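Heads up: the structure comes next, in structure tokens.
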Amino acid sequence: MKKDHPHRIMIAATQGNTELLKLHKTAFLCSQKVPASAVLKCYDWAIEQRESGNCVISGFHSQIEKDVLHYLLKGQQPIIIALARGLKEKIEPELQKPLEEGRLLIITPYDKNIKQASRQRAARRNKMMTELSDSITVGFASAGGQIEKLLKQTDKPINRII
């Protein structure tokens with residue numbers, strides 16, 4: 001059993017199947033600005049995770065992360081969405097079926113009164129994701145950006161797509 005880390009970010013709210021937290025999880029992180037060379041590789045990675053049935057945790061916030069979610073939703077593998085805001089009142093239609101099937105979990109470190117994401121909230125959400133994950137896959141990390149800084153704080157295995 002792991003000791004509680006004093007800086008560990010706790011999950012404030014969940015929606016969906018919390019049993020997914022017990023699975024082996026890979027966090028997927030990608031900077032907002034991505035070189036073209038990374039895009040198809042990220043899609044290929046997503047398809048590989050889907051076909052292997054691997055649980056992926058991500059904010060699915062940047063455009064490339066949203067695209068990765070699109071590929072993952074076509075499969076049957078578990079998905080954990082980590083929000084950089086409180087839980088939403090309404091769930092997007094494409095998330096309804098996976099939620100009902102028990103293969104989707106939405107988590108957040110924020111109370112439901114936090115309605116907007118921000119850079120600081122995304123950084124805290126990303127830290128929570130890396131704490132919960134067993135490994136980290138990075139689609140692309142901008143030099144000196146938030147993701148690079150976060151990766152320096154973890155000892156988890158890191159897979160860089162490019």
### Query
Among L95, L83, L29, which one shows the biggest mean-square fluctuation in a GNM of the chain, springs joining Cα atoms closer than 10 Å?
L95
#### Entry: Taking only Cα atoms of region 26-160, radius of gyration then Dmax in Å
14.1, 40
#### Entry: Residues with amide H under 5 Å from that of T137, placed H, sequence gap 5 or more
A27, F28, L29, N159
#### Entry: Nitroxide proxy distance, nm - points 7 Å out along Cα→Cβ at I158 and S142
1.7
### Message
Between K97 and Q120, how high is the FRET efficiency from 1/(1 + (r/R0)^6) when r is the Cβ-Cβ distance and R₀ = 30 Å? Nearest 0.05.
### Response
0.35
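Which entries of K33/K97; K88/K127; K97/K156; K22/K127; K22/K115; K66/K112 show an alpha-carbon separation above 24 angstrom in the structure shown?
K33/K97; K97/K156; K22/K115
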### Antiparallel bridge percentage (DSSP; both residues within the chain; nearest 5)
20
### Query
Taking amide hydrogens as modeled 1.01 Å from N in the peptide plane, which residues meet the under 5 Å criterion relative to A12, leaving out close sequence neighbours?
T108, Y110
### Task
Would you mind calculating the relative contact order of the chain from Cα pairs under 8 angstrom and at least 6 residues apart, reporting the percent as a whole number?
33
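Laboratory data are not the source of any read-out in this text; all were calculated from the coordinates shown. This one's a predicted model, so the numbers in the text were calculated from it and none came from an experiment. FYI the Cβ positions are ideal-geometry reconstructions off the backbone, even for glycines, and counts take in every protein chain you see.
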